[in-house]
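The structure under discussion appears below in the form of structure tokens.
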Amino acid sequence: MRLVRVGETTSEVGRDVRAALTSWGRGDAVAGGIALLGVRIPGFGSAVEAVVLLPRGVLVVLGVDLPDPALRLEAPLEDRWKVDGWPISRPEGPVNPAANALGATAAVAALVREKQPRPLPVCTVVAVGPYVSRVDQPVADKDRGVRILHPEPMTLLAVARELAVHTRPCPIDELRRVLAVLEPGSTLTDEDLSAEGFPDGLSPEAAAERTTILPLTALRRAEEPRKPKRVRWWPVAAAVLVALVLVVGIAVAVSADNSTSGPARGTGPTAPDAVEFAGLGTASSTDCAAHTDGDVRVWLERNGCARLIRGRFEATSTGHRAAVLVGVLRFTGSTSAAELKSVLDRPGGGTVLDQAAEGVAWPGGAAPQFPAALRAAGREGNSVKLVQVVWLDQPSTQDDPVLHEIAGRAMRITLAG
């Protein structure tokens, strides 16, 4: 973590925040990232303790000083706080000391959305002091990506690892757009940012576009000396080339004719590009737990989700047909998505059920056996996507490279709803 001191602390506990971030040291061995200390956020008006720009997320850190040390702090976002059972009484300012926290986070999130094509999740950390042994937060507040804590180094680090879990790291060029607004005078070099875990080069979208548009060109051998043009050989070379083309064409034609009399040899799977998807309908529900099983269902019964969207597809590749089930679980906060993703990653942790379990037959009379399917799960912002792929016309194995390719491509499918 590299610290950039922009302004002074805004609270007494802000010193503990700076000490915790400093203890991590520079580099990405612990967390990586850039911490802008005492920065004033455009559109918010006042300074915050820190804006921590991590490779896979952003933390907005605010400081709140309590009247005294506390063993237990009850800290809801939309109600009065209680210290050891007694409501906090403040003659000036809001009843809730963290009332402005979400406003600061919203201002940073708007900036990140403006400057990044695929914005990082922006979460809130409210640092409280002088000391709190235990903080109780409503689950709904945690689902909004808010954490209230005493900023000990390991506690703050655990929150950073929990919340900053975007699917791809922020490239240096995108990070600089955000830094240019929050800290216009920054002197950080590309080497500094790379050492903190930010990848070098263009964003994946720009790199993909460049690769698609620009054709490959042959490199000229600059070191090869030019030979004097004593004899014009190109007419002779052209004639020889034409003759060779005719000979090769005849050989290929004869070979193709002979191949029709027997089975083809050396045939293998087609190129990975030859994957076609046919949509077979979608289903949407706000009762997410009812359409899942295992640990996933238990987790959703306890925490819920905003919406579950399931899409059926048939994929064709290498001459075979596969059934593809894409499930997207959407949440109101990125933290819930991260927690559910960890449940899905457990062996036997549960899954999203196909509609066949509810009496809706697979189109065309097929009966895919999804319990034996190859699975892939990923997270994008506040959503978790689960893909399940199984062959319809041949046995499926977990190490099938074609199934892996189909699953990877299915992860890019967008379900509306």
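A few remarks follow.
- Per residue, the stretch 1-143 exposes 45 Å² of accessible surface when a 1.4 Å probe is rolled over the protein heavy atoms with every protein chain present.
- Rolling a 1.4 Å probe across all protein chains gives H404 an accessible area of roughly 100 Å².
- Loop-located trypsin sites (Lys or Arg not before Pro) in the stretch 1-78 whose Cβ has at most 14 other Cβ within 10 Å (DSSP): R26
- Cα-based shape type of the stretch 122-197, given that a ≥ b ≥ c are square roots of the gyration tensor eigenvalues and the cut on a/c is 1.5: prolate
- In the stretch 96-203, GluC sites (Glu not before Pro) in a DSSP loop with at most 12 other beta-carbon atoms within 10 Å: none
- D295-D190 pseudo-label distance in nm [points 7 Å out on the Cα-to-Cβ vector]: 4.2
- Chymotrypsin sites (Phe, Trp or Tyr not before Pro) restricted to DSSP loop in the stretch 269-375 with at most 12 other C-beta within 10 Å: none
- Among S11, S284, the order of accessible area from largest down is S284, S11, computed with a 1.4 Å probe on protein heavy atoms.
- Computed over protein heavy atoms with a 1.4 Å probe, the carbon and sulfur contribution to the accessible area of the stretch 20-173 reaches 53%.
- Carbon plus sulfur fraction of accessible area for the stretch 282-385, probe 1.4 Å, in percent: 50
The values are calculated or read from the model by the stated rules, or taken from the named source; none is laboratory data. Keep in mind that this is a model prediction, so the values were computed, not measured. Note: ideal-geometry Cβ built from the backbone for every residue, glycine included; neighbour counts use all protein chains shown. Calculation scope for accessible area: heavy atoms of the full protein, side chains included, ligands and nucleic acids excluded. Shrake-Rupley method; radii C 1.70, N 1.55, O 1.52, S 1.80 Å.
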